[in-house]
Amino acid sequence: MPSPRTCSVSLLAPRFIGVGAFSLVEVTIALGIVSLAMLSVMGMMPVGLSTMRAAMDQTTEAQIARRISGEAALIPFDQLDAYAAAGPYFFTQDGTLQSVKNEQTRYTISLRRVSATYPGSSNAPNLSSNIATFLVETARGADNATIASSTNVIHIPNSGNSAF
């Protein structure tokens, strides 16, 4: 039996041969790289959120202009000026029409009829009896404070419907 002095395996301090570990410096560098990446991603969050909000506002404004254009197309052509004068129209954040302005109002829409000039229209006789052009002016904001405004143009053709 071998003596304790000649034993090649120590029972007090086991050694793992072939198993590597990360040093403290390597772990610190890895944490620095990960935190720098996370910091840059978190820094882009406000930009992404404001871009998303602007895209939502543009989409809602386009839907409101499409709705107004559709409603105006159903109105007798000789009553379009009265439809425009009945405004302003108030819409919520999701594009729902309201009868009065209140704390949920986000979009205030005003319609204004303009006379438009089209290519070659100088030779066309009485173009305004065939097509009506309106500016859809949108004021976006809440609590009587306008944050931004935009203008869209809609054209309503005279489809032959008139008041009886």
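General remarks:
Matching residues to (1) of a type in the set (Ser, Thr, Tyr); (2) at pLDDT 85 or above; (3) part of a strand (DSSP E or B):
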residue	(1), (2), (3)
73	no, yes, no
78	no, yes, no
84	no, yes, no
95	no, yes, no
108	yes, yes, yes
113	no, yes, yes
117	yes, no, no
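- With respect to (1) closer than 30 Å to residue 157 by Cα; (2) surrounded by 12 or more Cβ atoms within 10 Å (Cβ to Cβ); (3) not hydroxyl-bearing (Ser, Thr, Tyr), the lone exception for residue 101 is condition (1).
- Look at (1) touching a helix residue (DSSP H, G or I) at 6+ places or on another chain (Cβ under 7 Å); (2) at pLDDT 80 or above; (3) in a loop (DSSP other than H, G, I, E, B) and you find that residue 161 fails only one, number (2).
- Given (1) surrounded by fewer than 10 Cβ atoms within 10 Å (Cβ to Cβ); (2) modelled with pLDDT of 90 or more, number of the condition residue 27 does not satisfy: (1)
The values are calculated or read from the model by the stated rules, or taken from the named source; none is laboratory data. Note that this is a predicted model, so its numbers are computed, not measured. Every residue, glycine as well, gets a Cβ built from its backbone with ideal geometry; the counts of neighbours run over all protein chains shown.
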